[in-house]
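The values are calculated or read from the model by the stated rules, or taken from the named source; none is laboratory data. Only a predicted model underlies this, so the values are computations on that prediction, with no experimental measurement involved. All Cβ positions, glycine included, derive from the backbone under ideal geometry; neighbour counts span all protein chains shown. Calculation scope for accessible area: heavy atoms of the full protein, side chains included, ligands and nucleic acids excluded. Shrake-Rupley method; radii C 1.70, N 1.55, O 1.52, S 1.80 Å.
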Amino acid sequence: MSTATLHVLAYPFPASGHVIPLLDFAKVLLSRGVKVTVLVTPKTHPLVATNPSPLLQTLLLPEPQLSNPNLKDLADLMNSMRHHHHPLIVDWAKTQSTPPSAIISDYFLGWTHLLGDDLGVPHIVFSPCSAISLAVINSLWRDAPQNHNP
């Protein structure tokens, strides 16, 4: 597949510390002629709106609705994004002349592999953390200390 026919759907977690690194990666793809659609919310849209590339488009999604707005629960936020955004994204993708050929999503959005399945495209996980952070976390889980004397 040539880069002229590639269309990547980029789905960052809606926080600036997650949007900006994924947007930086999207700029690399754009510089190679890949069309990129970044999924944004009203709060994160200004972070993306400054890029003038004709290959970059945005899809504005509603802000996730928390079951308890006074509680900033990460699991509640991710669940809300799955249930409110998933159908909108699938419907949008069906209307595109060049539908997405891959999804790149933030590692907080693990459910997006199901979105990839629904769209019939590969799903790639993006981490805004440094490689050393991920290596340390992986090592801690893989080589977790054992308590042989509980």
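Structure above, values below:
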{"item": "Residue tally, condition under 24 Å from Lys94 (Cβ atoms), open to solvent by 30 Å² or more (accessible area, probe 1.4 Å), out of contact with any Gly (no Cβ under 9 Å at 6 or more places or on another chain) and not hydrophobic (A, V, I, L, M, F, W, C), over region 1-41", "result": "3"}
{"item": "Scope region 61-104; condition at pLDDT 90 or above and open to solvent by 80 Å² or more (accessible area, probe 1.4 Å); matching residues", "result": "Asp91, Lys94, Thr95, Ser97"}
{"item": "Number of the condition not met by Thr41 [criteria: (1) farther than 24 Å from Ala102 by Cβ; (2) of a type in the set (Ser, Thr, Tyr); (3) modelled with pLDDT of 80 or more]", "result": "(1)"}
{"item": "Residue list for region 113-150, filter: aliphatic (A, V, I, L, M), outside any helix (DSSP H, G or I) and open to solvent by 90 Å² or more (accessible area, probe 1.4 Å)", "result": "Val125"}
{"item": "Residue match in region 95-112 (condition: assigned to a helix (DSSP H, G or I) and either of a type in the set (S, T, N, Q) or within 18 Å of Pro12 (Cβ to Cβ) (or both))", "result": "yes"}
{"item": "Scope region 116-136; condition under 19 Å from Ser16 (Cα atoms) and under 12 Å from the mean Cα position of the chain (by Cα); matching residues", "result": "Val125, Phe126, Ser127, Pro128"}
